[in-house]
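Working notes, structure below.
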Amino acid sequence: MKVYLDILQGFNAQEFQQDLISWFEQEQRDLPWRVNKDPYRVWISEIMLQQTRVEAVKPYYKNFMEKFPTLTDLADAAEDEVLKAWEGLGYYSRARNLQAAVREVRDTYGGIVPNTPEEIGKLKGVGPYTKGAILSIAYDIPEPAVDGNVMRVMSRILSIWEDIAKPKTRQLFEDVIRQVISHDNPSYFNQGLMELGALICIPKNPSCLLCPVRQHCRAFHEGVQKELPVKSKAKEPKLVPIVAGVFRTPNGKYVVNKRPSTGLLANMWEFPNVEVKEGITNHKQQLMYHMKEQFDLHVEVGEYTLNIQHGFTHRTWDIFVFEGMVQQEVIETETLKVMSREEMEERTFSRSHQKIYEACTKK
């Protein structure tokens with residue numbers, strides 16, 4: 001308690017609220033999820049916006065809401081259909097967790113998104129930020145919604161020099177926001193902070209002269225706005241070399257396989273691939289061996305075609321792609337299929353394998 005009370009000493013929260021909300025009322029962007037306060041629509045947008053830019057989300061959000069206009073539509077849909085609508089947004093666990101959570105809302109809460117921190121916080125994939133965003137935007141409940149944008153803004157406003165990469169610092173900001181959030185209009189207060197961070201209080205060169213709450217900003221008055229927030233660097237992701245094969249059958253179709261039902265990119269389709277073992281330099285030979293051992297297929301591996309890198313939080317796939325031919329009949333299983341281009345268009349592939357598809361199958 002004492003820490004954030006010291007931070008807020010001399011800070012006029014009421015005037016800050018008024019200036020921020022007035023600016024947001026005038027300057028807020030016209031975004032498709034701001035059409036109304038439907039908790040389901042707000043929820044979808046907040047999940048999509050995790051790790052993804054607003055402009056990138058817009059067309060996906062429009063398409064997703066056309067396919068699943070109500071919570072029940074999404075709860076009743078097949079997982080493959082949901083993943084296909086999510087294809088290209090990445091971080092597919094978000095879509096799976098979202099569907100699991102809306103099914104729980106359908107079954108446990110009669111299809112009504114719960115409006116208490118305790119209930120909504122138990123839903124799969126709903127962390128502290130998403131919980132606060134839904135409760136404040138959809139239900140006008142004064143709950144903090146603290147993400148990187150908000151921590152950047154408030155670290156400058158209040159001159160907070162704690163490392164925002166540390167989990168305990170997020171808790172500090174949540175405590176601070178609880179003290180300064182508008183109880184009359186928590187929706188516009190939280191959205192105003194997000195908007196301010198997206199448009200004006202940006203990471204490297206904040207537009208301080210355009211800022212509606214500049215007079216409240218301690219970092220601006222101290223001339224240290226570019227030094228905040230403090231954020232320690234994350235470890236460089238591990239580079240993981242992978243060899244992948246785009247193998248055609250004599251009738252012009254392609255061999256694809258389905259990933260396991262748990263773990264990274266669960267249940268998604270891809271071209272056969274294997275992580276390159278340390279010390280192995282003959283990628284073609286390892287790919288041939290993998291196809292025989294994993295799928296009992298004899299293949300002819302052609303020349304190297306392209307390299308694709310795809311980053312995750314803690315690793316980067318460095319994929320070396322070869323094209324080739326299958327030299328025998330493929331016995332299909334639940335997880336190994338022979339597909340035409342048209343059939344692959346209907347399945348969900350990870351972004352890296354979409355790129356492989358584009359490069360190798362549309363010649």
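One table, with the values for the structure above:
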| quantity | calculated |
| --- | --- |
| Boolean, residue 174 is in a helix (DSSP H, G or I) and over 27 Å from residue 29 (Cβ atoms) | no |
| Residue list for the stretch 290-315, filter: without any contact (Cβ under 8 Å) to a residue 60 or more places away in the chain and among the β-branched types (Val, Ile, Thr) | 299, 301, 305, 308 |
| Those residues of the stretch 1-38 which are closer than 30 Å to residue 109 by Cα and buried (at least 20 other Cβ atoms within 10 Å of the Cβ), in sequence order | 33 |
| Boolean, residue 143 is outside the structural domain of residue 292 (by TED's automatic domain parsing), in contact with a Ser or Thr (Cβ under 7 Å, 6 or more places away or on another chain) and over 30 Å from residue 31 (Cα atoms) | no |
| Condition broken by residue 50, with the remaining ones in (1) free of Cβ contacts under 8 Å to residues at least 40 places away in the same chain; (2) polar (S, T, N, Q); (3) under 19 Å from residue 122 (Cβ atoms) satisfied | (1) |
| Matching residues, the stretch 344-361, being surrounded by fewer than 19 Cβ atoms within 10 Å (Cβ to Cβ) and closer than 15 Å to residue 242 by Cβ | 351, 355 |
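Every residue, every condition in (1) closer than 22 Å to residue 85 by Cα; (2) aliphatic (A, V, I, L, M), yes or no:
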| position | (1), (2) |
| --- | --- |
| 265 | yes, yes |
| 286 | no, no |
| 294 | no, no |
| 305 | no, no |
| 312 | yes, no |
| 323 | no, no |
| 352 | yes, no |
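So that you can scan it fast, the table gives a plain yes or no per residue for (1) over 28 Å from the mean Cα position of the chain (by Cα); (2) exposed (fewer than 12 other Cβ atoms within 10 Å of the Cβ); (3) assigned to a helix (DSSP H, G or I); (4) not assigned by TED's automatic domain parsing to the domain that holds residue 282:
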| site | (1), (2), (3), (4) |
| --- | --- |
| 206 | no, no, no, yes |
| 220 | yes, no, yes, yes |
| 233 | no, yes, no, yes |
| 247 | yes, no, no, no |
| 250 | yes, yes, no, no |
| 257 | no, no, no, no |
| 261 | no, yes, no, no |
| 265 | no, no, no, no |
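The values are calculated or read from the model by the stated rules, or taken from the named source; none is laboratory data. Note that the structure is a prediction, hence the values are computed from the model and not measured. We place every Cβ from the backbone using ideal geometry, glycine too, and count neighbours over all the protein chains shown.
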